[in-house]
Every structure is written in C-alpha cells, then in structure tokens.
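Trainee: Quick one: the structure is below, and I'll ask about it shortly.
The values are calculated or read from the model by the stated rules, or taken from the named source; none is laboratory data. Everything numeric here is computed off the predicted structure, so don't read it as measured data. No Cβ is skipped: glycine too gets one built from the backbone with ideal geometry, and neighbour counts run over all protein chains shown.
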C-alpha cells in the first residue's frame, strides 16, 4: 500500500502541477499575442472558405456574421457539399445580394478523398484569390472583428498558420460536457513554445477556425497531401509544421462561436471520431489505454477514495500530494474552461468530462480494432 500510494501521489502531483503551470504560461502567452496584434481592418485580400453539407438551419447565422465583418478586403467562397436540403437555394440568395459571395457545387465525379469535406475543399480552394485563407465551418458564428483579429495576429507575428478553439455552444449540458475535453489541448500542450520548437506530432488544429497563407498552403501540397486522413484539420496543421512553416495556436473564443453538437450522443461520437483520427491505435495501444484509464481514474476519484478509506493518519504526505494534484488539475480545468468560453456549470464538471474522455478513448479504440466507421453527416468516416 505504501509503495502504491507513493507512486500515485507522485504522478498525480506531477500531472496536476504540470497542467497548472502549462495553462498559466499558455494564458499569459495568448494575452501577449492579443496585445501585440493591433487590429487591422484593411489589408491584403482574405478568402473566407467554407464547405456546407445540409446546413440550411445554420447558413443564415454564419453568412450574416461573415458579411458584417469589419475587415474590408475579403471574399467569401462557399461550396455546397452534395446537400439534399435547401442549402444551395440559400447560398444562391446570398450570392445574389452580395458580390463578395461566390458559390460552388461539389462535383461527385471529381471525388479524390474519402473525407467529403476534404474533397469539397480541394475543389473550392483553387478558386480562392486571396493571399490569406480563412477557413471555417457552416455551424459557426463570427464576431464583427473575427477576420480582422486573425489577419492582425498573422501579420504581427509573421505566421503562416493559426488555429484555435472557438467558444462552444451545444444543445444540452451533457453535450457541452462531452466536448469540454478539448480543454486538454489548452492545459497539456506548450503553446508558448510553438514559435520556437515545432513538433508535428504535437501540433493540433480545430477546423472551425483556421487561417493560413495561400502561398504556404500551396507549398505544402494543400489538402491533396492529406486527403485520406479522417481529421483533416489536425493533418493539415501537422503538414505545415513538418514542412517548416510558422504555426501558432491562439485563443479565438472571443471572436468565433460554434454550434456543432445538438445532443450528447453527437458530441460523444464527434470527439471519439477525432481521437480515432489523430491518436495512433492498434492492439499495441491497449497497454497505453490501460495506463491512461488508471491515471484518469485516480485523477477523478483520488480524494473521494481518501475519504472512504481512512488513509490520512498513516499516509498523510501521500494523501496530501494526491489532493494537491487533484485540486491543481481541476482548478486549471475550471479556469481554462472559462477562458475558452464554457459555461460555469460545464467548467465545474471536470471529473465527469474526464470520465467521458476515458470512455471516448476506449470507444474509439474499439471502433478502430473492429474496423468499424463513424457516420458523419451521412457519410462513413
């Protein structure tokens, strides 16, 4: 028992302290990026690029927000990805009202990728005239200075690629909890080092918000180079870094909001799909999954166990370190969640979110090992 508690205490204390320091450094870093980027509302042409598949409910919100941008020099390119609803009719109405809007239809005979979104993006990207590509999804909403902020960040730091986590708005509390493990991106990765140390395997991206230089996109081979990857956003970011381009993760939650999941099942499957597409999985991964489950179990239930089992008198130091690690981690989770725009009730649900993370990891491993595919917008992924 003594050796076991010593090991648990060491790892939980180290993990909690690591995430606390990492999150503090990242938050300060994001603040420095914002202060450095003086808002520019005019400059080189920015091409806003978006694929839309059966998005008739979301299109008015995202299109209205994009047309109200304070940044003056932009065009908006939208490709209808084989929709079966009124997506195309809505797009036509916007194109008729504003000359900045250019619309396209995906041609199934030109299909070159298993991922429908990638296939659509590969068809529309050649039409972009801008020196910068502002890529987003149809279920987003953009604050009036979103494009201006992104452009300013890119120019102030001479970057080639930026991304970030938009504020997430889901249809239910549990859906928000299921998607909140995105916080692990904020509290586990050293974003303040990204400008100096570039590691493709640790590079992350969120397809809801990406901005990149068009010339760099062409240099790395664009989506053609990663066309068969499940998570195209992660893959293209990793490709940029691998090819020596300047990448930076930023806090975009003040400017972009996403309404991706309407219920908890959608959120669970969506994050599981992301895990399956980005984390290497095989039978050899089972021991790693077991270790993650063990670590997260103790992070979830450590102090609770200490209340049930009277260990404080015999092992005061070990239990104190376990509690310190637990408190440090969930304080970090809470603060980072608020910084990224999650509601207080969701920010306080760290243990539940961590449990769901374990379940999603196990489920994605099961899907991978059994050869089953996720269904995303009517397609097998």
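Trainee: Looking at region 229-253, which of its residues are out of contact with any strand residue (DSSP E or B) (no Cβ under 8 Å at 6 or more places or on another chain), part of a loop (DSSP other than H, G, I, E, B) and at pLDDT 90 or above? Before you say what the answer is, go through the steps one by one.
Mentor: Just the residues of region 229-253 that are out of contact with any strand residue (DSSP E or B) (no Cβ under 8 Å at 6 or more places or on another chain), to begin with: 229-232, 234-235, 238-239, 242-244, 251.
Restricting the remaining residues to those that are part of a loop (DSSP other than H, G, I, E, B) gives 229-231, 243-244, 251.
Result: 243, 244, 251.
Trainee: Does residue 97 satisfy being under 21 Å from residue 70 (Cβ atoms), surrounded by fewer than 20 Cβ atoms within 10 Å (Cβ to Cβ) and either touching a helix residue (DSSP H, G or I) at 6+ places or on another chain (Cβ under 6 Å) or without any contact (Cβ under 8 Å) to a residue 24 or more places away in the chain (or both)?
Mentor: yes
For (1) buried (at least 21 other Cβ atoms within 10 Å of the Cβ); (2) closer than 30 Å to residue 103 by Cα; (3) in contact with a helix residue (DSSP H, G or I) (Cβ under 7 Å, 6 or more places away or on another chain); (4) modelled with pLDDT under 95, each residue gets a yes or a no:
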| position | (1), (2), (3), (4) |
| --- | --- |
| 11 | no, no, yes, yes |
| 27 | no, no, yes, yes |
| 31 | no, no, no, yes |
| 48 | yes, yes, yes, no |
| 51 | yes, yes, yes, no |
| 54 | no, yes, yes, yes |
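Trainee: Looking at the structure I just gave you, is residue 183 at pLDDT below 90, surrounded by 24 or more Cβ atoms within 10 Å (Cβ to Cβ), within 17 Å of the chain's Cα centre (by Cα) and assigned by TED's automatic domain parsing to the domain that holds residue 239?
Mentor: For residue 183, the condition - at pLDDT below 90, surrounded by 24 or more Cβ atoms within 10 Å (Cβ to Cβ), within 17 Å of the chain's Cα centre (by Cα) and assigned by TED's automatic domain parsing to the domain that holds residue 239 - is met.
Trainee: Looking only at region 193-204, which residues are within 29 Å of residue 179 (Cα to Cα) and assigned to a loop (DSSP other than H, G, I, E, B)?
Mentor: Across region 193-204, the qualifying residues are 194, 195, 197, 198, 199, 203, 204.
Trainee: Please note which helices (runs of 4 or more DSSP H) are completely contained in region 285-378 and include at least 1 residues that are closer than 20 Å to residue 181 by Cα, outside the structural domain of residue 179 (by TED's automatic domain parsing) and modelled with pLDDT of 90 or more.
Mentor: 316-339, 344-347, 350-369
Trainee: If the requirement is being in the same structural domain as residue 193 (by TED's automatic domain parsing) and within 21 Å of the chain's Cα centre (by Cα), which of these qualifies: 34, 97?
Mentor: Being in the same structural domain as residue 193 (by TED's automatic domain parsing) and within 21 Å of the chain's Cα centre (by Cα) holds for just one of 34, 97, which is 34.
Trainee: For region 205-228, name all the residues that are out of contact with any strand residue (DSSP E or B) (no Cβ under 7 Å at 6 or more places or on another chain), assigned to a loop (DSSP other than H, G, I, E, B) and buried (at least 20 other Cβ atoms within 10 Å of the Cβ).
Mentor: 220
Trainee: A follow-up question, please. For region 165-201, give me each residue that is farther than 22 Å from residue 18 by Cβ and touching a strand residue (DSSP E or B) at 6+ places or on another chain (Cβ under 8 Å).
Mentor: Listed by number, the residues that qualify are 166, 167, 168, 169, 176, 179.
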